[in-house]
1. Would you mind finding the one in Val14, Val30 that is surrounded by 12 or more Cβ atoms within 10 Å (Cβ to Cβ) and either free of Cβ contacts under 8 Å to residues at least 60 places away in the same chain or charged (D, E, K, R) (or both)?
2. Can you name every residue in the stretch 58-90 that is within 12 Å of Lys8 (Cβ to Cβ) and at pLDDT below 85?
3. Within the stretch 52-101, which residues are among the small types (Gly, Ala, Ser) and under 18 Å from Glu17 (Cα atoms)?
4. I'm told Gly55 meets every condition in (1) under 18 Å from Ser6 (Cβ atoms); (2) at pLDDT 95 or above; (3) small (Gly, Ala, Ser) except one. Can you identify the failing condition by its number?
5. Within the stretch 34-41, identify whether any single residue is in contact with an Asp or Glu (Cβ under 8 Å, 6 or more places away or on another chain), surrounded by 16 or more Cβ atoms within 10 Å (Cβ to Cβ) and among the small types (Gly, Ala, Ser), and answer yes or no.
6. For Ile110, all conditions in the list (1) outside any loop (DSSP other than H, G, I, E, B); (2) crowded, with 19+ Cβ neighbours inside 10 Å; (3) free of Cβ contacts under 8 Å to residues at least 60 places away in the same chain hold save one; what is the number of the exception?
7. If you go through the stretch 75-107 one residue at a time, how many are over 23 Å from Ile7 (Cα atoms) and in a helix (DSSP H, G or I)?
8. Which condition from (1) touching a Phe, Trp or Tyr at 6+ places or on another chain (Cβ under 8 Å); (2) surrounded by fewer than 16 Cβ atoms within 10 Å (Cβ to Cβ); (3) of a type outside the set (Lys, Arg); (4) more than 18 Å from Lys118 (Cα to Cα) is the one that Tyr53 breaks?
Amino acid sequence: MKTLSSIKRLHKLVVKELFFINGTLDYDRVTDALITLANAVHNYSDETEELWYIGEDDHISMDDLIVGAYWHFTEWHGGQWSKGYAALCALGTVFSPNMSSVEPDNDAYIALFQALAKA
């Protein structure tokens, strides 16, 4: 079980890597961080809404990050055995799109595409 503070640290790491120029992780490692974050959120047992508001006063809220990352990996995974597909599956445990679609201005979706283009 992950604590809320460890989930906040993972969120902060992903935000730093996607939205700041001093990020040091490559696209593959950011994907690893997103998998870890999604798994931590999935395994978080406290039913508090505070989880989804992490980052709301910062660059991107947890819910926007998860949704944008989910839609990014629906389009840009490398097949069933790829790390991108593993990320999609992990994100899918905490986000179910139902009848929704990606918002083209989602910051996480855009930032992940830009990170992929640099890879």
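1. Working: Val30 fails: either free of Cβ contacts under 8 Å to residues at least 60 places away in the same chain or charged (D, E, K, R) (or both).
One residue alone meets the criteria, Val14.
2. Once the filter is applied, which keeps residues that are within 12 Å of Lys8 (Cβ to Cβ) and at pLDDT below 85, the stretch 58-90 yields only Asp58.
3. Here is the first cut: in the stretch 52-101, the ones among the small types (Gly, Ala, Ser) are 55, 61, 68-69, 78-79, 82, 84, 86-87, 90, 92, 96, 100-101.
Scanning the stretch 52-101 gives Gly55, Ser61, Gly68, Ala69, Gly84, Ala87.
4. Going through (1) under 18 Å from Ser6 (Cβ atoms); (2) at pLDDT 95 or above; (3) small (Gly, Ala, Ser) one by one, Gly55 breaks only (2).
5. Step one: filter the stretch 34-41 for residues in contact with an Asp or Glu (Cβ under 8 Å, 6 or more places away or on another chain), giving none.
No, the conditions are met nowhere in the stretch 34-41.
6. Of everything listed in (1) outside any loop (DSSP other than H, G, I, E, B); (2) crowded, with 19+ Cβ neighbours inside 10 Å; (3) free of Cβ contacts under 8 Å to residues at least 60 places away in the same chain, Ile110 misses just condition (2).
7. Result for the stretch 75-107: 1.
8. Every listed condition holds for Tyr53 apart from (1).
The values are calculated or read from the model by the stated rules, or taken from the named source; none is laboratory data. The model shown is predicted, which means the values in this text are computed figures rather than measured ones. Heads up, the Cβs are rebuilt from the backbone with ideal geometry, glycines too, and the neighbour counts pull from every protein chain shown.
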